[in-house]
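**Student:** Quick one: structure below, then a few questions.
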């Protein structure tokens, strides 16, 4: 028998804030029992793992060793603009089909076509 990815966990300063960003980014909702200490976001219909957010006292200090690659359903530019409006920042945009971004707590992720 094999294992499967049940959840992807984020250490963060504010579980509700970060869960809110990722829920909006992925078209889902923050679970109603979430608090600022612990929050989770169920996948929006595609059967992926749950995103789990837990408050920790220390801040992020280095580049992520793993990250999400998000596929834009429309243009990359439109999706980047939507994510910036939600609180993300652009870290690198080479004008091509891939943009490196950071969520509101600095966790890197990519948006691609």
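**Student:** So what does the Cα-only Debye profile of the stretch 66-113 read at q = 0.22, 0.27 Å⁻¹, as log10 I(q)/I(0), no solvent term?
**Tutor:** -0.66, -1.01
**Student:** Could you give the alpha-carbon Rg of the stretch 1-57 over 2.2 N^0.38 Å, rounded to two decimals?
**Tutor:** Details: Rg = 11.3 Å, N = 57, 2.2 N^0.38 = 10.2 Å.
Rounded to two decimals, the normalised Rg is 1.11.
**Student:** Which order do 73, 1, 101 fall in if you start with the one that has the fewest other Cβ atoms within 10 Å? Mind showing how you got there, number by number?
**Tutor:** Working: 73 9, 1 2, 101 23.
In increasing order of surrounding Cβ atoms, one gets 1, 73, 101.
**Student:** Working out 0.36 nm times the residue gap between residue 3 and residue 89, then minus their Cα-Cα distance, what length gain in nm do you get to one decimal? Write out the running numbers ahead of the final one.
**Tutor:** Working: separation 86, 0.36 × 86 = 30.96 nm, distance 3.41 nm.
Result: 27.5 nm gained on full extension.
**Student:** Which ordering of 113, 14 is given by a fewest-first count of other beta-carbon atoms within 10 Å?
**Tutor:** Listed from fewest to most nearby Cβ atoms, that is 113, 14.
**Student:** Does anything in the stretch 1-44 have its amide N under 17 Å from the 7 Å Cα→Cβ label point of residue 61, and if so which residues?
**Tutor:** Zone members listed by number: 11-13.
**Student:** Taking only the C-alpha atoms, wrap a convex hull around the chain and report its volume per residue in Å³ as a whole number. Walk me through the numbers before you get to the answer.
**Tutor:** Working: hull volume 14.1 nm³, N = 113.
Here the figure is 125 Å³ per residue.
**Student:** Run the numbers for residue 37 and residue 75: contour at 0.36 nm per residue of separation, minus the present Cα-Cα distance, in nm.
**Tutor:** Numbers: separation 38, 0.36 × 38 = 13.68 nm, distance 3.52 nm.
So the extension gain works out to 10.2 nm.
**Student:** At a threshold of 8 angstrom on Cα-Cα distance, excluding pairs fewer than six apart, so keeping six or more, what relative contact order does the stretch 1-57 reach in percent?
**Tutor:** On the way: 109 pairs, mean separation 24.2, N = 57.
Value for the stretch 1-57: 43 percent.
All of the numbers you see were taken from the coordinates with simple rules; none came from a lab. Quick caveat, the model's predicted, so the values are computed rather than measured. Ideal geometry is used to build each Cβ from the backbone, glycine not excepted, and the neighbour counts take in all protein chains shown.
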